[in-house]
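Step one of this worksheet: look at the structure below.
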Amino acid sequence: MAVVKDAEQEFKPPKKKTSSDEDDKRRKKMIPGGLMKAVIRPGGGDATPSDGDQVIYHSTVRTLDGAVVESSHLEFGGKGTPIRQVLGKSKMILGLLEGIPTMLKGEIAVLKMKPELHYGEDDCPVSVSDSFPKDAELNFEIELIEFSKIKVVTEDLGVLKKVLHEAQSWENPRDLYEVKARISAKSGDGQPLQSHITGQPILFTFGKSEVPKGLEMGIGTMSRGEKAVIYVTSPYLSLNPLIPSVEGVEEVHFEVELIHFIQVRDVLGDGRLIKRRIKDGKGEFPMDCPLQDSRLRVHYKGMLIDEEKTVFYDTRVDNHGQPLEFSSGEGLVPEGFEMCVRLMLPEEISLVTCPPDYAYDKFTRPANVPEGAHVQWEIELLGFEMQKDWTGMDFRAIMDDVEKTKGTGNRLFKEGKFALAKAKYEKVLREFNHVNPQDDEEGKEFGNTRNLLNLNVAACYLKMGDCRKSIETCNKVLDANPVHVKALYRRGMAYMAAGDFEEARRDFNKMMTIDKSSEVNAKAALLKLKQTEQEVEKKARKQFKGLFDKKPGEISEVGVDDKGKETMTENDDDDAQEPFISSQEEKDGDGDAPQAPGPARMGSFSQLLTSGMNLFKSLGVNRCAIL
């Protein structure tokens, strides 16, 4: 052993320390004189490692008489590979957990430990062989090679990242991104592993397993211009052109410079609508994208996906060189087009591949675009302007802006674009939370407008088939004004669509008691309600045909006939629904039905209909679908 330069001294824990609760419990086991430190070679600087830092060190363990027990050094029977651990994360013996944070970079020190501070600790997290003298006092000669901040990529510490040079932005590559990077690799003992020419950039598609799994995971935490070392252990390595053979390699250190990546986004998540960035824009993604409703200016070229890449429209040619200007959120361009433009940065150019249902099958189709055609758009976002901010505007200016937005929503509603219309109304309602009328007149106008917007939202929900959401939105108006006739009418229509006929009837009748002028609309609604009930009854009779022919006590269930339609069949299952009985039979006592067949003994049809509807619910059938 080298000559001890400093006298052996009792260990004193470092002042700065953050640790897990488990480590704190272990530190309470420290005993006076249990850990002593002697410096053999001083280190440099004044910084010491702390929890969360990666430490790289060599270790040689000796008995007090100098016999080597184990070592990481090659000359003492080790592999020659330094030990690499993360303080506070890796499983370490207590003496090292406490001793290493007192060391400087390059320092060599002997940590003399009693058994309770190394492998003799109760419930020690690190195991050793049975031949190891864990009950003896031992000297641990530690050479701290380096320490640094580290990013833990995987919780099991199988993939770690040390940043060498900070990034130029914060966007990270993800699945389908096309990545360009310089990568060099060596084993934990420093042996080079790559077969390709060192220093030459490689290109790969993120998420396609074209590089080892652990390397890809590490690169997924990097940004453009960043340089880093990514430490990958064997469970995260795989055979790959980058590393032809990983046999016998326990760990690989990848030095990576992320030069560039091309954003490729699977917008719908099913591989049909793909946006590929051709030219980077200005700003940071996504903060500088027009995610909110904006006024957009774009040049674009539309192409069919055929052998000739036939161009069907080009703003620079067919629009006299003028860009297309449109407001987002108003259904003025195909849905797939707008979805992708909202993910672009100013001056970015992207190539968008779009399926027909997000292109022109649901939009005005150019004459030279066939029905069902997949298309590509090459889009350049020239710039955009956000919508007006109401901050500092007076009440009149705000209400004028509201009318414009409401008018746009009404147009979208008439065009059948109910989701877009609803988004317009809801946007205004959100902004209304920050509007404060100054007098009674403004307050009345504000309240009336808010009620109308909520009722428009309710109408959208109803058109979209969400009856319950429509009812809930109407309730927002009726909670504040229980005699609001239009809200009663709209809620009644929603109740009718949901199959809650009594609730609907109650709302329509209430309309007439509140406002005689609404009598015409209320009576028309009641007539429609009656027709709807009759249609439902007719369908229910057909649906439950056969139930009327059963004797009381016999049970039927929904089955399927040879034509694929639901029918009623006998079933002796103990869990089947109880037979129907009349109200008179209930009064007679025990509910045992007489043996006379036919519907007269089966209860009223309203009971049957109610029970039938309940059965539909249990089968997952929506009432709205029956109408």
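The values are calculated or read from the model by the stated rules, or taken from the named source; none is laboratory data. Every value quoted in this text rests on a predicted model; they were computed, and no experiment measured them. Here the Cβ is made from the backbone with ideal geometry for all residues, glycine too, and neighbour counts use every protein chain on show. Calculation scope for accessible area: heavy atoms of the full protein, side chains included, ligands and nucleic acids excluded. Shrake-Rupley method; radii C 1.70, N 1.55, O 1.52, S 1.80 Å.
List of remarks:
Listed here are the residues, each with its yes/no results for (1) of a type in the set (D, E, K, R); (2) over 26 Å from Asn433 (Cα atoms); (3) in contact with an Asp or Glu (Cβ under 7 Å, 6 or more places away or on another chain).
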| position | (1), (2), (3) |
| --- | --- |
| Val457 | no, no, yes |
| Cys460 | no, no, no |
| Tyr495 | no, yes, yes |
| Ala498 | no, yes, no |
| Gln534 | no, yes, no |
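- Only listed residue being in contact (Cβ under 8 Å) with a residue 40 or more places away in the chain, of a type in the set (A, V, I, L, M) and open to solvent by less than 30 Å² (accessible area, probe 1.4 Å), chosen from Ala136, Ala109: Ala109
- Of all residues in region 55-78 being surrounded by fewer than 18 Cβ atoms within 10 Å (Cβ to Cβ) and of a type in the set (D, E, K, R), the one that is nearest to Phe140 (Cα to Cα): Glu70
- Note on region 296-334: residues that are open to solvent by less than 70 Å² (accessible area, probe 1.4 Å) and within 17 Å of Glu347 (Cα to Cα) total 10.
- Set Ser184, Ser169, Ser238: member being part of a strand (DSSP E or B), open to solvent by less than 50 Å² (accessible area, probe 1.4 Å) and out of contact with any Leu (no Cβ under 6 Å at 6 or more places or on another chain): Ser184
- Residue check, Arg505 touching a Gly at 6+ places or on another chain (Cβ under 9 Å) and either loosely packed, with under 15 Cβ neighbours inside 10 Å or not aliphatic (A, V, I, L, M) (or both): yes
- Filtering Gly336, Gly302, Gly331 for residues that are at pLDDT below 95 and of a type outside the set (Lys, Arg) leaves a single hit, Gly331.
- Among the residues of region 215-238, those that are more than 20 Å from Gln168 (Cα to Cα) and in contact (Cβ under 8 Å) with a residue 60 or more places away in the chain comprise Tyr231, Val232, Thr233, Pro235, Tyr236.
- Residues being open to solvent by 30 Å² or more (accessible area, probe 1.4 Å) and within 23 Å of Glu535 (Cα to Cα) - total across region 470-494: 4
- Evaluation of Gly248 against (1) open to solvent by 40 Å² or more (accessible area, probe 1.4 Å); (2) of a type outside the set (Asp, Glu); (3) on the phi < 0 side of the Ramachandran plot (one fails), failing number: (3)
- Of all residues in region 391-415, those that are free of Cβ contacts under 8 Å to residues at least 12 places away in the same chain and open to solvent by less than 40 Å² (accessible area, probe 1.4 Å) total 2.
- Which listed residue is assigned to a loop (DSSP other than H, G, I, E, B), farther than 30 Å from Asp65 by Cβ and not charged (D, E, K, R), from Gly225, Gly218: Gly225
- For region 81-99, the set of residues classified as under 40 Å from the mean Cα position of the chain (by Cα), closer than 29 Å to Gly248 by Cβ and not in a loop (DSSP other than H, G, I, E, B) consists of Ile83, Arg84, Gln85, Val86, listed by residue number.
- Subset of region 219-276 that is of a type in the set (A, V, I, L, M, F, W, C) and out of contact with any strand residue (DSSP E or B) (no Cβ under 8 Å at 6 or more places or on another chain) - its residue that is farthest from Ile305 (Cα to Cα): Leu239
- Residue-level check: of (1) open to solvent by 40 Å² or more (accessible area, probe 1.4 Å); (2) more than 31 Å from the chain's Cα centre (by Cα), Gly443 misses just (1).
- Filtering region 49-61 to residues that are in contact with a strand residue (DSSP E or B) (Cβ under 8 Å, 6 or more places away or on another chain) and assigned to a loop (DSSP other than H, G, I, E, B) leaves Pro49, Gly52.
- Pair list, Cβ under 7 Å, 6 or more apart: region 30-54 residue surrounded by fewer than 11 Cβ atoms within 10 Å (Cβ to Cβ), other residue part of a loop (DSSP other than H, G, I, E, B) and among the small types (Gly, Ala, Ser): Gly44/Gly106
- Annotation: Glu171 fulfils all but one of (1) modelled with pLDDT of 95 or more; (2) within 30 Å of His260 (Cβ to Cβ); the unmet one is (1).
- Residues (touching a Phe, Trp or Tyr at 6+ places or on another chain (Cβ under 6 Å) and at pLDDT 95 or above) located in region 367-386: Val369, Trp377, Ile379
- Residues that are free of Cβ contacts under 8 Å to residues at least 24 places away in the same chain and farther than 21 Å from Leu382 by Cα, drawn from region 250-293: Gly269, Asp270, Gly271
- Considering residues of region 187-207 that are among the hydroxyl-bearing types (Ser, Thr, Tyr) and not in a strand (DSSP E or B) only, the residue modelled with the highest pLDDT: Thr198
- Any chance Lys161 is within 22 Å of Glu250 (Cα to Cα), among the charged types (D, E, K, R) and at pLDDT 95 or above: yes
- Taken over region 339-355, residues that are over 11 Å from Leu273 (Cβ atoms) and open to solvent by less than 20 Å² (accessible area, probe 1.4 Å) amount to 5.
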